[in-house]
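Here's the structure, in structure tokens; my notes come after.
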Amino acid sequence: MSEACAGGGGAIHGRGHRDVPHFVVGCEDDEQHMGQMEGGMKNKVFSVEGEMEDEDDESPSERQIVVGICSMMKKSKSKPMTQILERLCKFDYIDVVIFPEEVILDEPVENWPLCDCLISFHSKGFPLDKAVEYAKLRNPLLINDLNMQYFIQDRREVYRILQEEGIDLPRYAVLNRDPNNPEECNLVEGEDHVEVNGEVFPKPFVEKPVCAEDHNVYIYYPTSAGGGSQRLFRKIGSRSSVYSPESSVRKTGSYIYEEFMPTDGTDVKVYTVGPDYAHAEARKSPALDGKVERDSEGKEIRYPVMLTAMEKLVARKVCLAFKQTVCGFDLLRANGHSFVCDVNGFSFVKNSMKYYDDCAKVLGNMVMRELAPQFHIPWSIPMEAEDIPIVPTTSGTMMELRCVIAIIRHGDRTPKQKMKMEVRHPLFFELFEKYGGYKSGKLKLKKPKQLQEVLDIARLLLVELGQHNDCEIEEKKSKLEQLKTVLEMYGHFSGINRKVQLTYLPNGQLKASSEEEDSQKEGPSLLLVLKWGGELTPAGRVQAEELGRAFRCMYPGGQGDYAGFPGCGLLRLHSTYRHDLKIYASDEGRVQMTAAAFAKGLLALEGELTPILVQMVKSANMNGLLDSDSDSLTDCQQKVKARLHEIMQKNQSFTQEDYQKLAPTGSPSLVNSMDLIENPVKTCDKVHALIQSLTSQIRKRLEDPKSADLQLYHSETLELMLQRWSKLERDFRMKSGRYDISKIPDIYDCIKYDTQHNASLGLEDTLELFRLSRALADIVIPQEYGISKAEKLDIAQAYCVPLLKKIQLDLQRTHEDEAVNKLHPLYSRGVMSPGRHVRTRLYFTSESHVHSLLSIFRYGGLLDEEKDQQWKQAMDYLSAVTELNYMTQIVIMLYEDNNKDPSSEERFHVELHFSPGVKGCEDEENVPLGFGFRPASSENQDKQPNQGSLEDLSQDQPDQAIPISEPITIQRRCPMIRNRKTGSMEVLSETSPTQSTKGSSSYRLFPSRQSPEVKPASGLGGHLLPELFSMPAVKRFSVSFARHPTNGFEGCSMVPSIYPLETLHNSLSLKQVDEFLNSVCESSTETHAKTMKALSGLFDSQSQSSLYSPQQPLSSSGSETSLRPPSRPLWYGSVPSSAVSSAGPSSPTTESPSLHFSFTE
């Protein structure tokens, strides 16, 4: 990098003495003969006596090149510096002199030691001015330019230089607060954005002090993700940041504001040594949860990473632009681009022997190349062979996990509620117009500011109503009061739990619902629908986090201890960039929070969910991928609902014909529910009577002064509980006396919630209500997704085609891993096969998508039950499952057999797994049994696992033969027992005594969780053994409960455990699955056009369109025709191989229509 260095040369100062140690600490008066430094040799950093004898045979004409180290002692004596200087001294002609700190601080530069080459850099307390003066005086070769180091201390200058060099950096603006000219400071702060000098930065954005020495960088989160800020600081012990509820920006000091870059939770630190050498390592981003990961020696855990060609170019530019040969800087990898966000100047990699060798070699060669000629030292640059990356192959017939796709329903939530009212007040029309409601005739208000406006109108109207009862205000008082109560409910708005929808009705209300009088008014009106509730409960968070933890164990390489917990294989994969993880969630708050909690468990994070949500969860709401617009039901669904209502309105016992009509698939779960109900109307009568009894019990409680201000689960009050039940009571039985069947799911939802969370109230008959409403719901809910197979398929396609296409891409792209971030093979000791990748795609969504997806696998013709015994059993198991509860999972795993021909069908192998989610209240007796997770595979017969690892099997089922194929770990403990802190909660569990006596034992979440020592080679093979099915089914469940704090009064709530994954099929080929997905997507012709539109939307909005997207022009035209450019698929080039998915910034909300994403070849 000589051309960029000041000073060509370092004059010869006439000290032709060779008999000096190679490595000395300079003494004050270096002008004296250097031989007198023997006294100073006691301070030598390394003794080099051995080398001194053989120096006598050098010819006196050659003189040593002296490299001076001028920095604060803390830096010059640091371990990396010591290691590198020790290696630098191995060059025959190089001597190193370290300038003592007291000399640097107290002596004039004339008295500083002499040198030919100077390594000098600024750190806290270093007199940079003196160093500059010394360099002028002696004119040594400078390894790191000194004047540029003034710029590096100011972030504004760093950004200016980066910009001039054309290096990508986040969009930013500078806010200078100068007391002398205050008019320069131009900051407007909004609730979810700031405006700096006219530039708008929506949250999340980053606020950095302009002084580079100040590490107090803050990140501000949007209210939709929970608001607040993350405060980063210099590492203190095990923390590098802390979450704070403070949402407003700092009001003193000058700052740079920049958009937040959604990385995948890792930062890349790059260390250059000259323009042609860069070492990079990844570490966990401090913004994620602020906990520093440390290894057994207490060092921060980092992993070497491969830089892409573009990133190497960036490293070169940074090194040359700042004229710092040895230079560290930070890269953010986001949206398929790399952005530089910080340049630190002189810094070394800590504890990497390979780096120490390389660094000393590069520096020594650089010094010799520059100075050898004028010292007449014979020197030629050694030619080095390029390092060949070593990629170990996997041996044996082990198959390698390549891809995991999971579709997961959200966790336990509060009951969803809604209220409708017709409004005609001018203020509502003004609001409707203000937010552009007339464009589509519909308007959704979710932002805190908008909800505040609705609340203001409601309060205003109520005040007017109170003053005079004239008919100017047609809005109903009771409705306005409810609107006001709900909007005031939590004392603050965070856009996650409430929304108001307004729909324009040109001729007033169309049909009167049960609660409206039939007063038809002329003229247009607005239908206001208020929705609230449906948010993730603390129990739901625990479920999601536990499941995330359990999921780790599906990944290979769980051996070895990663800071003391299981599943380290995955964590290691992740932080080494060989785990390509994307988490998508629909835009409902509960789904997003479930995804964040799951990520927290999966990646062993700590602390608040907001930072995790913003960094890790992408919002996939742009094209119906995970969201269904419930208002736009398909024709087929309308017809099905009508037929369902008709059958359920009959006041007589179900006839054989009804069974035919309602359960043409003969599904046992349906038949059982119908048997239980007998006469649908009578059952509805019972349910209605039970609800009446419930509401009157709650009213009695309310009159009792003792329980008036009772706090229920999740800060609900008795008032609110009464409101939700009395509304159901009114709506369920219509004016005509018939029942509104569509309310059944809501009734079941409410009673399920109350039996689980508010059982402590001791209300009577709740279990009977639970039993009956569940039987009704078991008929109504699944059948709303179609009654006959054809209907089920039709409706499922309407929901799922975009998601199916996405799954198909995820599976196909696994063998096109060119552009994914790779791990550096030479440095990665102890990391198996560094070139390989596991791709994980997690899709969090709601019930409708899970039902639809399952319908497609069941009825879409993937396999023929007649011919495939395993599939038939899987189908029988599925039809016995009554409910797809919270945290239902559908998991697809793709394996690669490296010994098979790459083009053969046997190369890729697919497995399909399923779990019905959370255990219900009293399911235990009649739960259908599957056949375990990943049942036996052939190699395993002879390799019986070491028995010691299974906790004594015999004590449980003395007389039952248990096939120990892959150990289904039967443990006395449940997943939750590991008495680990979950966040800050103790998680305990006890096996319910009633069950243990029946000989069932408590299983782990995933029965295949082995202790780390027993990782049988099997499991990756996967040939099914027919005799497995003749074995007696092992009973395997026990409810485990976790105590965790809630903000209600009961102190502990039951968190039911989750059913383990059951394998539906484990020997599909990728070709089979691919063809199946193709046929399903093709056959849905009427949904095809819709999908093409959605998918082209998917490419158009390369960024999962979001609030958090850098504003750049869209350079790939993503219309239908360019879905695949002719030459190469869209996802080649510098985009990570998951182009569509990686493109999107993680984001809980979609606001900005100005999407960006540019593809570069």
Neighbour-limited loop hits for trypsin sites (Lys or Arg not before Pro), the stretch 92-193 (at most 16 other Cβ within 10 Å; DSSP other than H, G, I, E, B) = 124, 171, 177
query = Of the peptides 856-867, 217-228, how do they stack up when ordered by the mean number of other Cβ atoms within 10 Å, highest first?
reply = 217-228, 856-867
key: Peptides 105-114, 205-214, 409-418 ordered by average Cβ neighbours within 10 Å, highest first   = 409-418, 205-214, 105-114
Heavy-atom accessible area ranking, 1.4 Å probe, most first, across 303, 134 = 303, 134
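Can you tell me the length gained on complete extension of the stretch residue 685 to residue 244, counting 0.36 nm per residue apart and subtracting the Cα distance?
Numbers: separation 441, 0.36 × 441 = 158.76 nm, distance 5.16 nm.
Length gained between residue 685 and residue 244: 153.6 nm.
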key: Set 447/789; 444/743; 90/299; 79/317 screened for pairs whose C-alpha atoms are more than 32 Å apart   = 447/789
Contour excess over end-to-end distance, with Cα ends at residue 463 and residue 73 and 0.36 nm allotted per residue = 133.2 nm
note = With x for Gly and Pro, the residue-by-residue ³J(HN,Hα) of the stretch 403-412, computed from phi through the Karplus equation 6.51 cos²θ - 1.76 cosθ + 1.60 at θ = phi - 60° and given in whole Hz, is 7, 10, 10, 10, 10, 10, 7, 5, x, 3
query = How far is it, in nm, from the label point at residue 133 to the one at residue 106 when both lie 7 Å from their Cα along the line to the Cβ?
reply = 1.7
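With the cut-off at 25 Å, tell me which of the pairs 284/312; 872/900; 867/1071; 251/434; 661/727 have Cα atoms farther apart than that.
Working: 284/312 21 Å; 872/900 29 Å; 867/1071 18 Å; 251/434 32 Å; 661/727 31 Å.
Going by Cα-Cα distance, 872/900; 251/434; 661/727 fall outside the 25 Å limit.
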message = Given the whole protein assembly as supplied and a 1.4 Å probe, what does the accessible area of residue 260 come to in Å², nearest 10?
response = 10
message = Need the full-extension length gain, residue 905 to residue 434, defined as separation in residues times 0.36 nm minus the C-alpha distance. One decimal, nm.
response = 163.7 nm
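What FRET efficiency would be calculated for the residue pair residue 251, residue 656, taking the C-beta separation as r and a Förster radius of 60 Å, to the nearest 0.05?
On the way: r = 76 Å, r/R0 = 1.27.
Efficiency, rounded to the nearest 0.05: 0.20.
The values are calculated or read from the model by the stated rules, or taken from the named source; none is laboratory data. Just so we're clear, the structure is a prediction, and the values are computed from it rather than from any experiment. Methodologically, a virtual Cβ is constructed for each residue, glycine included, from the backbone with ideal geometry; neighbour enumeration extends over all protein chains shown. Heads up: the accessible areas ignore ligands, DNA and RNA and are worked out on the full protein's heavy atoms, side chains in. Shrake-Rupley method; radii C 1.70, N 1.55, O 1.52, S 1.80 Å.
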